[in-house]
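Below: the structure, in structure tokens.
Where a number appears in this text, it was derived from the coordinates with a stated rule and is not lab data. Every value quoted in this text rests on a predicted model; they were computed, and no experiment measured them. With ideal geometry, Cβ positions are generated from the backbone for all residues, glycine too; neighbour counts draw on all protein chains shown.
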Amino acid sequence: MPTRIIIADDEAIQRMDLRDVLTKQGYLVIGEAGDGQSAINLARELRPDLVIMDIRMPDMDGITATETLTQEKIAPVLLLTAFGDQQLVERAKEAGVVNYIVKPLRESEVAPAIEVTLARYSEFRTLEEETKSLSEKLETRKVVERAKGLLMEKQGLSEQEAFRKIQKASMNNRKSMREVAEAILLTNEM
């Protein structure tokens with residue numbers, strides 16, 4: 001499947017030129033927008049693999065639109081601009097822009113920029129998922145430890161016996177160990 005891309009630029013000629021470059025390089029342009037809000041709406045609807053967006057557009061600029069797309073985890077953004085000033089670069093970094101190209105575009109730079117953007121975004125998403133998973137495991141461990149301590153105190157069990165009791169209840173009731181541990185803690189609070 002070719003990479004599905006939305007182009008957002010307020011200049012129709014720029015969009016047309018970019019669409020031609022992307023099509024020649026085997027990418028699929030699935031939508032075009034002339035301002036940031038339209039780009040966001042289109043991305044929400046079409047769920048592209050990538051959004052290529054100009055910084056300076058009417059109503060909502062590309063950086064503001066990028067913030068929304070990044071927060072909603074819709075797609076990575078490759079930002080285009082004819083302006084290379086440091087303030088814009090800083091705003092772009094803070095907004096979550098994954099990559100940045102300065103106009104005028106050179107065809108030879110487009111595919112590498114797209115591929116790097118997609119790779120970095122994929123890495124970010126993987127790290128985010130791993131972090132979430134580790135946080136959940138840590139939280140589960142904390143709850144199980146507290147429930148284990150409670151069973152040891154209230155029922156005079158050894159640490160291993162308390163753990164086995166939680167584990168057995170988990171299997172018998174087809175509940176996670178965290179759910180069983182939370183139930184033990186909740187029961188004690190009442």
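Remarks
- Dipole orientation for the chain: of the candidates T70, A147, L22, A147 has the Cα lying most toward the positive pole (charges on Cβ; Lys, Arg +1; Asp, Glu -1).
- Shape category assigned to the stretch 28-121 from the gyration tensor of Cα positions, a/c cut at 1.5: rounded
- Label point at E94 placed 7 Å out along Cα→Cβ; residues across the stretch 42-64 whose backbone nitrogen lies under 20 Å: 54-57, 59-64
- Put the Cα centre of the stretch 132-151 next to the Cα centre of the stretch 36-76 and the gap is 39 Å.
- Only lysine pairs 8 or more places apart, or on different chains, with alpha-carbon atoms under 20 angstrom apart are counted in the chain, and they number 19.
- For the chain, a crude dipole built from +1 on the beta carbon of Lys and Arg and -1 on the beta carbon of Asp and Glu, taken about the Cα centre, is about 1280 debye to the nearest 20.
- Other-chain or far-sequence residues with amide H under 5 Å of L80's (modelled H): M53, D54, I55, I101
- Estimated translational D of the chain in µm²/s (Stokes, Kirkwood radius over Cα pairs; 4 °C; 1.567 mPa s): 66
- Phi-based couplings in Hz for the stretch 122-127 (Karplus 6.51, -1.76, 1.60; Gly and Pro marked x): 4, 4, 4, 5, 4, 4
- Relative to the current alpha-carbon distance between L157 and Q25, full extension at 0.36 nm per residue lengthens the span by 40.8 nm.
- Helical contribution to [θ] at 222 nm, DSSP H n ≥ 4, -39,500 (n - 2.57), averaged over the chain, rounded to 500: -21500 deg cm²/dmol
- In sequence order, the stretch 68-81 has phi-based couplings of 5, 4, 6, 4, 7, 6, 7, 6, x, 10, 9, 8, 10, 7 Hz under the Karplus curve 6.51 cos²θ - 1.76 cosθ + 1.60, θ = phi - 60°, and Gly or Pro positions carry x.
- E45-F83 FRET efficiency (beta carbon distance; Förster radius 22 Å; 0.05 resolution): 0.15
- Rg/Rh for the stretch 122-190, where both radii come from Cα atoms and Rh is the Kirkwood radius: 1.12
- Amide H partners (placed H, <5 Å) of D61, local residues excluded: none
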